[in-house]
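This report refers to the structure that appears directly beneath it.
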Amino acid sequence: MRREVLGIARSEGNTTPLQDRVARLFEAWREDVYRYLLTLGLYPPRAQETTQEVFLRLYVVLRRNQNIENPRAWVFRVAHNLGLKTRSEESWEQPFDPAIEDRIATGLTPEKSLLQRERALRFHRAVESLSERQKRCLFLRLEGLRYAEIGAVLGISASTVGEFMRRAIAKLRASNE
Amino acid sequence: MNNFETGHPADGDLLGYLDGELQGRDVKRMEDHLAACWQCRAELQELQRTIAECVQYRKTVNSSLPEPPEPWFDIYRRFDQAGTLRTPVMVRLWNVFRPIVVRPQPWAAAAVLALAVWAAVDHFRHEAEPAPAKPAPAAAIVRVPLSQTEASPAPAPQTPRADTPRRDIEQAPTPGDELRVLAVLHRLGADLGEPVEVTRGSKRVLVAGIGVAPHLQRQIEQELEGMPRVIVHFSEPAAVIPPPVAGIPGAVGRRTDLAALESQMETHLGGRTAYEEFASDVLDTSDAAMSRVHALHRLAEQFPPEVESKMTRAERALLTGLRLEHAAALQNVSAALNARAMPVLSLLGGQPPQQQAPAPAPSWQAAAEQLFQEARNMESLLGAMLGGAATNLSAEDLPVRILSSLAAVHAYAQFQTGTDPPAGMTSMPSGHTGQGRPKRAPHRASKSIE
Ligand SMILES: [Zn+2]
């Protein structure tokens, strides 16, 4: 009942600027968050639920006038923590494995030529050889987070993040030489 | 950043420069150097190329990952719901727990949730327990909509009242009832870091979970269905506000003595990579230990000696079995932790402590409390040494303190695997906090980050 009413209200354009803002961010970032959660080992349905939950939390926090300096970093921090919680609830299961190696090898990714595929495979294996923390740092950096923000997600210092990043980049670079 | 007056900047600094992570003066120095040095400019370009490859890799990965299984929800419709959720309890609980949380820890999150569930259940129990004249059926599976669990004052849940009066089952649940529920959860693997809380009320054993995976919810419901005087209650997570990050850790730079300790460890271990692996291993193993410690602590709290002594023989055996399983697992994990950390810590000047006998405890429950206190201490010390958490201790003291703490935790774990307290153990002074601490290092408060 109430939802119907709300639906009508919305169609009349009766939404708050904050709701519009969060809805915009949701639309812009949900795919990134969802995919990040998949790389954390969440299964697709859980990753999607968790993503949705993250943006509702963002709304609740902003609605209380709590200041969020960098909403994207906030979103990834909350997604990461919720994701770990979700994963630990399913700890007796294998984490989700997207079988990226197979997909690259069989040409299901943008790399079409043999040479490109081989290169991508080498790079993928190098990423897989990183320590879990190096990998997390790299993935979060790829989502646009700064070292201090990554540190806040992983509970380590910004300088340690810098060290992890340096090691990660050095290993990845070596994979191509 | 190192002073590279005599040479080139380290590649970490080059990356830091590209990532905009260098501070004012260092940027200037880097730019001056780059202006002069072709080598480093070429190096910078190499780095950029690797970064570009990372970006390409992200595209590759993203194109390999499956699309979301469902259409995205209409967020406008959920704003309404999100607005009605009440979160102050969760926030307060977070603040209680924050001091001991140095990195994402499944068990700590679960502890917070468990408490929150408890609070919700307390409210719920109030509403759900029928008047004496109308007892609920033996087992009721209750699903309370989100808005009713978290919003307060909530309308009373409808389900448990619709029942047939049967006077004969109106009997308070026993600790044994509670224990059998715990045994079921244990068998399902839902007693380690699961946000499932079991509470024995005056009429019912309440099993409550927030955000439990759906298939686990079903399993728990099925297993508990036949049990008398049990209510199962699941709800979805409230909009928990994650703990605000008060000052980003490490943003101000690591304390110099701790940084020096870190490089010492690096040297002993043979390089940065080895150190990172070490730190990662130790912290992960310590997390695994904490989840067991937590499980034991929970048993000790829910079944104090006076309760245990009134249980039937079979119930006591069941309790002992649960406890020993956790204790044995803890002993293994703790041995692994010691084996990994001891050599390094010893090289840093920590004397391996002579095996500490646990402080006298009158019961396994009291010993579990001591274990819990000591394990929390260990956790914060390790966080300070390896996880970048703040500490009042000097880098000089840390290794010794950690060695003592590790040894103490291990001794307590061993103690828990024994069935009886050693003969001759007398009563413990009242007030349990810190009783089990090793005797050394008394001059400095062991509150490292609390
Ligand atoms: Zn140079």
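The values are calculated or read from the model by the stated rules, or taken from the named source; none is laboratory data. Remember, it's a predicted structure, so these values are computed and weren't measured experimentally. No Cβ is skipped: glycine too gets one built from the backbone with ideal geometry, and neighbour counts run over all protein chains shown. In case anyone asks, the SASA skips ligands and DNA or RNA and just uses the protein heavy atoms, side chains included. Shrake-Rupley method; radii C 1.70, N 1.55, O 1.52, S 1.80 Å.
Selection of the range A:63-107 for residues being more than 10 Å from chain B (Cβ to nearest Cβ) and of a type in the set (S, T, N, Q) yields A:ASN65, A:ASN70, A:GLN94, A:THR106.
Output yes when any residue across the range B:362-377 is outside any helix (DSSP H, G or I) and either at pLDDT 75 or above or open to solvent by 50 Å² or more (accessible area, probe 1.4 Å) (or both), and no when none is. Full working, then the answer.
Quick first cut of the range B:362-377, residues outside any helix (DSSP H, G or I) only: B:362-363.
Among the residues that remain, those that are also either at pLDDT 75 or above or open to solvent by 50 Å² or more (accessible area, probe 1.4 Å) (or both) are: B:362-363.
Within the range B:362-377 (the criterion being outside any helix (DSSP H, G or I) and either at pLDDT 75 or above or open to solvent by 50 Å² or more (accessible area, probe 1.4 Å) (or both)), the answer is yes, since at least one residue qualifies.
Going through (1) open to solvent by 30 Å² or more (accessible area, probe 1.4 Å); (2) at pLDDT 75 or above one by one, B:ALA246 falls short only on (2). Set side by side, the residues B:ARG25, B:ARG41 differ, and just one is away from the ligand (no atom under 16 Å from the Cβ), among the basic types (Lys, Arg) and surrounded by fewer than 15 Cβ atoms within 10 Å (Cβ to Cβ), which is B:ARG25.
Taken over the range B:34-72, the criterion of being within 11 Å of chain A (Cβ to nearest Cβ) and either touching a residue at least 40 places away in the same chain (Cβ under 8 Å) or polar (S, T, N, Q) (or both) is satisfied by B:GLN48, B:THR50, B:GLN56, B:THR60, B:ASN62, B:SER63, B:SER64.
So in the range A:122-175, with the set limited to residues that are polar (S, T, N, Q) and within 7 Å of another protein chain (Cβ to nearest Cβ), which one is least open to solvent (accessible area, probe 1.4 Å)? Explain how you work it out, then say what you get.
The first filter runs over the range A:122-175 and keeps only residues polar (S, T, N, Q), leaving A:129, A:131, A:134, A:157, A:159-160, A:175.
Then keep just the ones that are within 7 Å of another protein chain (Cβ to nearest Cβ); that gives A:131, A:157, A:159-160.
Values: A:SER131: 34, A:SER157: 3, A:SER159: 67, A:THR160: 24 Å².
The selected residue is A:SER157.
Could you tell me whether B:ASP32 is surrounded by 10 or more Cβ atoms within 10 Å (Cβ to Cβ) and either among the basic types (Lys, Arg) or within 15 Å of the ligand (Cβ to nearest atom) (or both)? Yes.
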